[in-house]
Each structure stands twice: as structure tokens, then as C-alpha cells.
Amino acid sequence: LLSAATPTPRSLEEALPHALAAPEIDTGQGLAIVWEVSGLGFDRESLSFQVSVERTDRSVFRRIGEVLRLAARPVSMALSWEEPGPDRADEHFRHLDLGLPPLDPGVYELTLTLRTAGRSDAVTRSAFRVRD
């Protein structure tokens, strides 16, 4: 997790100095993510990515209310895209500024999923807190 004001890094090494010291942001503050995928490039393949953000710190009573449709479910934000895989075996580095709307204070989970044909999905999750 990086501050959104970070210049676009071209590698993990360039991104490290801009990593958030703690997984926390202020309300209205932007957020960026970086990731690297390895083990690709031996065959031509299409990469399908999905990034989602969902609030996770809802009480038990709130969740019951959501199931019974007495309370609105939290809005899950998601972005997905496809791109060609690398043409040679190497690390595949990506940077993404997340244009999130102002989030209410609380705990959220960011999920990044990579799907490729003939392989298991690669999924990573990272929790972060939005401060008031």
C-alpha cells in the first residue's frame, strides 16, 4: 500500500520508500497499490486482474440486518481489466492509483485477484484502516 501522491514507480525497489508506514489512511486520502507477479512469460497468456475494496468491520447485528434486508449492504467497489502477459519470463510489475470515493472511518479489505487460463487464481488480501 502506497500513498496515492507517489510518482509512478517502475519496480518494487522504487516503490518501497513510498510504502505506508502503517496500513492507515485519513478520510479523503488516496491510496495506491503495487504488486509483482513471477512465473509468467513461458507461454503467451492473457492476465485478468480484479481489485476490490470492501468494509469489513461491521457488527454482528449489522450483518444480521443485512441478511434480513433490514439494513443496506455496504457497497463493494471493484475494478477489473485484462492485459497480455509478458512476452518473456520475468517479473511482471504493476502500479495502480485507486480513485476511491471518500470512505467512512473503519476497517476495509483490499483484494487483488489474478486469473489466467489453466492456472489457479492468485489472490492476495490486505486490510487497511480509514481514520477520521
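The values are calculated or read from the model by the stated rules, or taken from the named source; none is laboratory data. Bear in mind the structure is a predicted one, so any value in this text is a computation, not a measurement. When we count neighbours, we look across all protein chains shown, and the Cβ atoms used for this are built from the backbone with ideal geometry, even at glycine. Accessible surface is based on the protein model in full, side chains and every heavy atom, while ligands, DNA and RNA are left aside. Shrake-Rupley method; radii C 1.70, N 1.55, O 1.52, S 1.80 Å.
Odds and ends about this structure:
- Of all residues in the stretch 44-55 being closer than 15 Å to Leu96 by Cβ and not aromatic (Phe, Trp, Tyr), the one that is most open to solvent (accessible area, probe 1.4 Å): Gln50
- Among all positions in the stretch 29-43, there is at least one residue which is at pLDDT 90 or above, under 24 Å from Ala127 (Cβ atoms) and loosely packed, with under 14 Cβ neighbours inside 10 Å.
- Phe93 vs. criteria open to solvent by less than 80 Å² (accessible area, probe 1.4 Å), in a strand (DSSP E or B) and in contact with a helix residue (DSSP H, G or I) (Cβ under 8 Å, 6 or more places away or on another chain): yes
- Residues that are of a type in the set (Phe, Trp, Tyr) and either in a loop (DSSP other than H, G, I, E, B) or in contact with a Pro (Cβ under 6 Å, 6 or more places away or on another chain) (or both), drawn from the stretch 107-132: Phe128
- Annotation for the stretch 42-55: no member residue is in a loop (DSSP other than H, G, I, E, B), in contact with a Ser or Thr (Cβ under 7 Å, 6 or more places away or on another chain) and under 24 Å from Ala5 (Cβ atoms).
- Among the conditions (1) at pLDDT below 90; (2) touching an Asp or Glu at 6+ places or on another chain (Cβ under 9 Å), the only one that Asp26 does not satisfy is (1).
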